[in-house]
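So the structure is just underneath, and the comments pick up after that.
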Amino acid sequence: MRVFKKYSLALYSSLLIAGCSAIVAGAFLYFYTDKIPAWLLLFYVVIFIVSFFILQFRIEKFIDARIKKIYRDVSLLDNENFTNPPITTDLEMLTREVERFAHDKKLEIETLNVRENYRKEFMGNISHELKTPLFTVQGYVLTLLDGAINDKKVRKKYLQGASKGVERLIHIVRDLDMITQLESGGLVLKRDDFNIVTLVQNVLDLLEMKAAKKNIMLTFDKAYSEPIIVNGDKERIEQVLINLIVNSIKYGKRDGTTEVAIENLLKNKILVRVTDNGEGIANENLTRIFERFYRIDKSGSRKEGGSGLGLSIVKHIVEGHSEKIYLESQLGIGSEFSFTLEKGKKP
């Protein structure tokens, strides 16, 4: 059936041409001789065969030229990716081939557009993040150069402000460098067995004063009397916990709560959950929340500080451990970030 379709156009056309030729020849001979010769059937067959080969050859050449022209005209990416399918006169198959080609090109163009939009947004975000502390430092330095340096009180205040701006720049560059290393595989994880309960408690103690400014309570979901041993890079997992809990404090409600839970997920996996009752995240932001410099707050002021790289670093560190990170959030109710870790061996 497939072979028949391949030659269907030439076949039907040849049958039509041979039939019309035989009818005209038969009518002409009958008009002059009053009889139809027996060799008319042979004439029909010869015309059919000759027509079939001529049409098949010409149609293949015609379609081949047109398809190559289409490929040349609409190729936007690497031409080496194209295959050269056998030329056929099956128009249905040709239509499918062209539609497939057009669909692939459309997907490639859409991918390029998404990447271009991401690049533009990323450049805008990093420009904003670097511009703010740079202009701050510049403002303090220029003020000092204009004469404020002679006032000891003002000089100290402005130098401290410039120092904070420089620290923020260093923080942004350091985070960017870490993400680059994580993406390129240049950051080697030092995996070891450790007690995740103790690590979480240390992080909660470390951030207690920061949470107290908004009267946010940092707590476990329950008392963990037994150690829970996991395997991973302790320093990097600590950074994951710090970033997640700091994020929950930033966007948490005053007098709110940030709760950490540790659960058995599978035989060899545990799940660490960080839950808050803060602002929550709208659905349209959930898929992009782990992007570098992506912020929910699009205003120029950006009421919460930070480099905008914390969650991106979290995602890269977790995935660097070959683990998964999850996010559930409801606007106005709160968010829950959770990630898996491999269980370690108890001492």
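Read the figures in this text as sums done on the coordinates, not as results from a lab. For clarity, every value in this text was computed on a predicted model and none was experimentally measured. As a convention, Cβ positions derive from the backbone with ideal geometry for all residues, glycine included, and neighbour counts pool all protein chains shown.
Side notes on the structure shown:
- Interchain or long-range residues, amide H under 5 Å from Lys269's placed H: Lys343
- 19 Å Cα-Cα threshold exceeded, pairs from Lys152/Lys210; Lys269/Lys346; Lys222/Lys253; Lys164/Lys214; Lys214/Lys324; Lys234/Lys269: Lys152/Lys210; Lys222/Lys253; Lys164/Lys214; Lys214/Lys324
- 3J(HN,Hα) couplings calculated from phi for the stretch 166-178 with the Karplus curve 6.51 cos²θ - 1.76 cosθ + 1.60 (θ = phi - 60°) are, in sequence order, 5, 4, 5, 4, 4, 4, 5, 5, 5, 5, 4, 5, 5 Hz; Gly and Pro show x.
- Modelled FRET efficiency - R0 56 Å, Ile242 with Glu99, Cβ distances, 0.05 increments: 0.60
- Principal axes of the stretch 216-276: Cα extent on each, largest first, Å: 38, 24, 18
- Couplings for the stretch 275-290, taken from phi via the Karplus curve 6.51 cos²θ - 1.76 cosθ + 1.60 with θ = phi - 60°, read 10, 9, 10, x, 5, x, 10, 5, 4, 5, 9, 4, 6, 10, 5, 8 Hz in order; Gly and Pro are left as x.
- Derived scalar couplings ³J(HN,Hα) [the stretch 51-57; Karplus, 6.51 cos²θ - 1.76 cosθ + 1.60; whole Hz; x for Gly, Pro]: 4, 4, 5, 5, 5, 4, 5
- FRET efficiency estimate (nearest 0.05) - Cβ-Cβ, Ser184 to Glu263, R0 45 angstrom: 0.85
- Contour minus Cα-Cα distance for Leu41 and Asp151 (0.36 nm per residue): 28.0 nm
- Summing charges over all other residues whose Cβ lies under 10 Å from the Cβ of Asp233, with Lys and Arg as +1 and Asp and Glu as -1, gives +1.
- Packing, as the average of other Cβ atoms within 10 Å across residues, places the peptides 48-56, 337-345 in the order 337-345, 48-56, highest first.
- Computing FRET efficiency as 1/(1 + (r/R0)^6) for Thr143 and Glu208, where r is the C-beta to C-beta distance and R0 is 35 Å, gives about 0.45.
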